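A short write-up of the structure that comes next.
Derivation of every value follows stated rules applied to the coordinates shown; laboratory data play no part. Please read all numbers here as calculations on a predicted model, not as lab measurements. Note that we place each Cβ from the backbone using ideal geometry, even for glycine, and neighbour counts take in every protein chain shown.
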Amino acid sequence: MNWLREELDQLEQAHLYRRRLVLDSPQGADVVVDGERLLSFCSNDYLGLANDPRVVAALRQGAEQYGVGAGASHLVSGHSRAHHALEEELAVFVGAQRALLFSTGFMANLGAVTALAERHSLIAEDRLNHASLIDAARLARARTRRYPHADVDALRRQLGMEKNLALILTDAVFSMDGDVAPLEALAALAREQGAWLLADDAHGLGVRGPQGQGSLAAAGLAPAGEVILMGTLGKALGVFGAFVAGDGELIELLIQRARSYIYTTALPAAVAEATRAALRIVREEDWRRERLCQLIARFRAGAAQLGFTLAESETPIQPLRVGEASAAVALGDELRTRGFLVPAIRPPTVPAGSARLRVSLSAAHTPEQVDQLLGALADIARNAT
């Protein structure tokens, strides 16, 4: 017990202690946290679908038809007609032969990587990959090479005469910086090496590419051959869950081997029905992506005028790097006193010395709300000088 207290005290002293927010409202541009109304710029609900009435109605109707729990894993009795239809629709949407539902993106990455890599194989992964990809490589017990961020030439040099490369793992859109992986070059290298490329497009699906088909489509690629897509359903689609898409035999192998698929209860069929409704909206309502692009450009122009150093991101993720964790926490706290919710992102989520505010934009925001955030940042900067 003394060790536990000491560990917690050290986190507190280093400004790395994490506290949960308790929301009293649905997701949206305006939220209520512990009774306080705030303008939120920290959600991954990029298209504003998490509280869309059509998605809510589909969830309600799905619950009336299928109940509220799946009852079992997909391979026992938990795989409903709703799950099956969603998998087929997701596969068509991203241009794959098949798609396979998982309960979370973390579980999808764990399941795919551990099913495809063996102890004596080699995994190469970007240094800034999401924790789920890092943990998946560790759990696979394969040899791992972590290459400099988005540097395909460096990866090629690292591989040298290496044998048994099984997988190249990368975020498609990096969750803390918002930049995009060089997917076309990575796919070409995977093809040369006889390996798979697994692209985690949690933050690109629904936002990038034609009709929101994602980062692979934006790069002229599809989940086929050596290319595997992992997409989440709880960000731009506003619901919950994840999927892996690729060739039919790949998906069949995951059904047989992916432990995080085999040994867990399926997500509720009602959630699958809600996701089907969200997917239709994503395909049909291009105005959401158009508005989002306009808001991104507006924020970047305003932040640059204020002297912030911006990341190379044209995605909804716009990090404002502060440096030390204490400074990031102080800036986030100051924004909250002014009515804005933009929590600090600190190590170990990001490297030491690169703590930041991760501004997340949504089609649910208005231009006026973006201007209000920029105005608050400008006021804080003036008071600091």
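Some observations on this one:
- For segment 92-139: rounded, prolate or oblate by the Cα gyration tensor [a/c cutoff 1.5]: prolate
- Placing unit charges on the Cβ atoms only, positive for Lys and Arg and negative for Asp and Glu, gives the chain a dipole magnitude near 440 debye about its Cα centre.
- Rounded to whole numbers, the Karplus 3J(HN,Hα) couplings from phi for segment 325-331 are 4, 4, 5, 5, 5, 4, 5 Hz, using 6.51 cos²θ - 1.76 cosθ + 1.60 with θ = phi - 60°, and x at Gly and Pro.
- Footprinting exposure proxy ranking of TYR17, TYR147, TYR263, TYR46, fewest other C-beta atoms within 10 angstrom first, gives TYR263, TYR17, TYR147, TYR46.
- Estimated inter-spin distance, MET1 and VAL56, nm [label 7 Å along Cα→Cβ]: 4.5 nm
- For segment 304-385, the residue among LEU377, LEU335, PRO316 whose Cα projects farthest onto the positive side of the dipole built from Cβ charges is LEU335.
- Charge tally around ASN109: other residues with Cβ under 12 Å, Lys/Arg +1 each, Asp/Glu -1 each, net -4.
- Residue-wise HN-Hα coupling along segment 135-146, computed from phi with Karplus coefficients 6.51, -1.76, 1.60 (Hz; x: Gly, Pro): 5, 4, 5, 5, 5, 5, 6, 8, 5, 10, 10, 9
- Relative contact order of segment 285-378, pairs being alpha-carbon contacts under 8 Å that are 6 or more residues apart, as %: 33 percent
- Centre-to-centre separation between the Cα atoms of segment 5-73 and those of segment 323-363: 18 Å.
- Calculated from the structure at hand, semi-axes √(5λ) of the Cα gyration tensor in Å is found among (1) 37, 24, 20; (2) 33, 27, 21; (3) 36, 29, 18 as (2).
- Cβ crowding within 10 Å averaged over residues, with 18-31, 281-294 ranked highest first: 281-294, 18-31
- Database remark: amide H of LEU122 closer than 5 angstrom to the amide H of LEU165, ALA166, LEU167 (H placed geometrically; neighbours at sequence offset of 5 or more, or on other chains; Pro and chain starts carry no H).
- Positive dipole terminus of the chain, leading residue within LEU221, ALA242, LEU16 (C-beta point charges): LEU16
- Under-5 Å amide H pairs with HIS149, H placed in peptide plane, nonlocal only: ARG127
- Max mean-square fluctuation residue, GNM over the chain, Cα-Cα springs under 10 Å, options ALA181, ALA99, ALA311: ALA311
- Ordering of 138-145, 126-133 by packing [mean C-beta count within 10 Å, highest first]: 126-133, 138-145
- Reported to the nearest whole Å, the Cα centre-to-centre distance from segment 186-248 to segment 86-146 is 11.
- Segment 53-284, relative contact order in percent, only Cα pairs under 8 angstrom and at least six apart counted: 31 percent
- Peptides 206-219, 240-253, 320-333, 56-69 ranked from most to least packed by the mean count of surrounding Cβ atoms within 10 Å: 206-219, 240-253, 320-333, 56-69.
- The helix-only estimate of mean residue ellipticity at 222 nm for the chain, built from DSSP H runs of length n ≥ 4 each weighted as -39500 (n - 2.57), is -13500 deg cm²/dmol after division by the residue total.
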